[in-house]
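Undergrad: I have a structure here, written as structure tokens, and I will follow up with some questions on it.
The values are calculated or read from the model by the stated rules, or taken from the named source; none is laboratory data. Only a predicted model underlies this, so the values are computations on that prediction, with no experimental measurement involved. A quick note on method: Cβ atoms are made from the backbone with ideal geometry, for glycine too, and the neighbour counts reach across all protein chains shown.
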Amino acid sequence: MIRTIIPALIFAILCFSLKAERAKFSHLTIKDGLSQSSVKAIFQDKQGYMWFGTADGLNKYDGHHFEHFHHHPDNISSISGNDISCIYQNPNDSLLWIGTRGAGLNLYNAERNNFHVFTSFSNGPNKLPSNIINDILATSQTLWIATRLGGLCYYNSMDSGFVSPAFNKDITFQTINCLEADQEGNLWLGTPSGLYKWRYANKFNQELPRKVNLPGYVQNIAVSALQFDLKGNLWIGTRRNGIFRIHPKMDDYEYFEPNHYRKLNSPVAVYDILERNNGEIWIGTA
């Protein structure tokens, strides 16, 4: 078991830093035991294990060896699919959730080393609105799931069911790419048509999420990544239009064109943003 892993070792797989000129990179590859080279999700759990979601399976890494999880049609306790989109451990109860592209959501059972599966084909309250999971986020007592073509839903642990807010009926919010939450009780939603803010403190809020205009730029842009930093700035990654940094409480913003952090002039999609403990902002692109 590992307790810490140098972030540069891990994010060399997928990400680079805005301060990359001072970074030193090592790599984990298929030769080291990784199941597949296209890494879409990275997470370190409370026990120190690193989890890697790839296009061909889930990987658990102890600092020396990889354990692989693949879907097996004849085993209902195996992970539901091999194309892993997101990994998230709920800080409220330490449960580990794994989202897939096209095969629903998985709850990991650490004691049995297997999975409980939720899909759109499930019966009753366990039914998901979509099997394409884009992002997972927890607030105080609620687990939120962002999906493609199924909008937003939250997990009600009292009856193990998924509930969708009223605004899901609006076509604008059929696909939610990413989620963030602030300290004021708001969810920030990244969608194919821009950035929105919604008051989540009241789950029965009937109001539509409010459009957040990004300063000095086109408004209908695809927002693909969100991250609040320790200073209260919200970093906003887009599919083709660079990165924005705004402070919701202050008249302060900055815009980074794609060629600011990528030497190529071709459009670049931002898929992940992370703040390290030292304040560096890391950007995952493709």
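Undergrad: Taking the residues in the stretch 240-256 that are surrounded by 12 or more Cβ atoms within 10 Å (Cβ to Cβ) and among the charged types (D, E, K, R) as candidates, determine which candidate is modelled with the highest pLDDT. Full working, then the answer.
TA: Filtering the stretch 240-256 for residues surrounded by 12 or more Cβ atoms within 10 Å (Cβ to Cβ) gives 240-248, 252-256.
Right, trim to among the charged types (D, E, K, R) and you get 240, 245, 252, 254.
Details: Arg240: 84, Arg245: 91, Asp252: 79, Glu254: 86.
Per the stated criteria, the residue is Arg245.
Undergrad: Do you know which residues across the stretch 130-175 are among the charged types (D, E, K, R), under 25 Å from Asp93 (Cα atoms) and in contact with a strand residue (DSSP E or B) (Cβ under 6 Å, 6 or more places away or on another chain)? Step through it out loud before you land on a result.
TA: Residues of the stretch 130-175 that are among the charged types (D, E, K, R), as a first pass: 135, 148, 159, 169-170.
If we keep only those that are under 25 Å from Asp93 (Cα atoms) as well, we get 135, 159.
Selection gives Asp135 alone.
Undergrad: Just the residues that are closer than 15 Å to His70 by Cβ and either in contact (Cβ under 8 Å) with a residue 12 or more places away in the chain or touching a Pro at 6+ places or on another chain (Cβ under 8 Å) (or both), please, taken from the stretch 105-117. So that I can check it myself, show each step before the final result.
TA: First, pick out the residues of the stretch 105-117 that are closer than 15 Å to His70 by Cβ: 106, 108, 113-115, 117.
Answer for the stretch 105-117, where residues must be closer than 15 Å to His70 by Cβ and either in contact (Cβ under 8 Å) with a residue 12 or more places away in the chain or touching a Pro at 6+ places or on another chain (Cβ under 8 Å) (or both): Asn106, Tyr108, Asn114, Phe115, Val117.
Yes or no, residue by residue, for (1) under 16 Å from Asp45 (Cα atoms); (2) assigned to a loop (DSSP other than H, G, I, E, B):
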residue: Glu67; (1), (2): yes, no
residue: Tyr108; (1), (2): yes, no
residue: Ile145; (1), (2): no, no
residue: Gly150; (1), (2): no, yes
residue: Cys153; (1), (2): no, no
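Undergrad: Return only the number of the condition from (1) hydroxyl-bearing (Ser, Thr, Tyr); (2) buried (at least 22 other Cβ atoms within 10 Å of the Cβ); (3) at positive phi that Ser94 does not satisfy.
TA: Status for Ser94: all satisfied but (2).
Okay, residues lined up against (1) assigned to a loop (DSSP other than H, G, I, E, B); (2) under 15 Å from Ile145 (Cβ atoms); (3) without any contact (Cβ under 8 Å) to a residue 60 or more places away in the chain:
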{"position": "Ile76", "(1), (2), (3)": "yes, no, yes"}
{"position": "Asn82", "(1), (2), (3)": "yes, no, yes"}
{"position": "Tyr88", "(1), (2), (3)": "no, yes, yes"}
{"position": "Pro91", "(1), (2), (3)": "yes, no, yes"}
{"position": "Ser94", "(1), (2), (3)": "yes, no, yes"}
{"position": "Trp97", "(1), (2), (3)": "no, yes, yes"}
{"position": "Thr100", "(1), (2), (3)": "no, yes, yes"}
{"position": "Ala103", "(1), (2), (3)": "yes, yes, yes"}
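Undergrad: So which residues in the stretch 160-177 are part of a loop (DSSP other than H, G, I, E, B) and either among the polar types (S, T, N, Q) or buried (at least 18 other Cβ atoms within 10 Å of the Cβ) (or both)? Spell out the reasoning first.
TA: Taking the stretch 160-177 as the starting set, the residues that turn out to be part of a loop (DSSP other than H, G, I, E, B) are 160, 164-165, 170, 174-177.
Hits for the stretch 160-177 are Ser160, Ser164, Pro165, Gln174, Thr175, Ile176, Asn177.
Undergrad: Sticking with this one: Could you list, in sequence order, the residues of the stretch 34-56 that are out of contact with any Asp or Glu (no Cβ under 9 Å at 6 or more places or on another chain) and part of a strand (DSSP E or B)?
TA: Within the stretch 34-56, Val39, Phe43, Gln44, Phe52 qualify.
Undergrad: Mind telling me which of the residues Ser193, Ser140 ends up being closer than 25 Å to Ile221 by Cβ, of a type in the set (S, T, N, Q), surrounded by fewer than 18 Cβ atoms within 10 Å (Cβ to Cβ) and out of contact with any Leu (no Cβ under 8 Å at 6 or more places or on another chain)?
TA: Working: Ser140 fails: closer than 25 Å to Ile221 by Cβ.
Residue meeting the stated conditions: Ser193.
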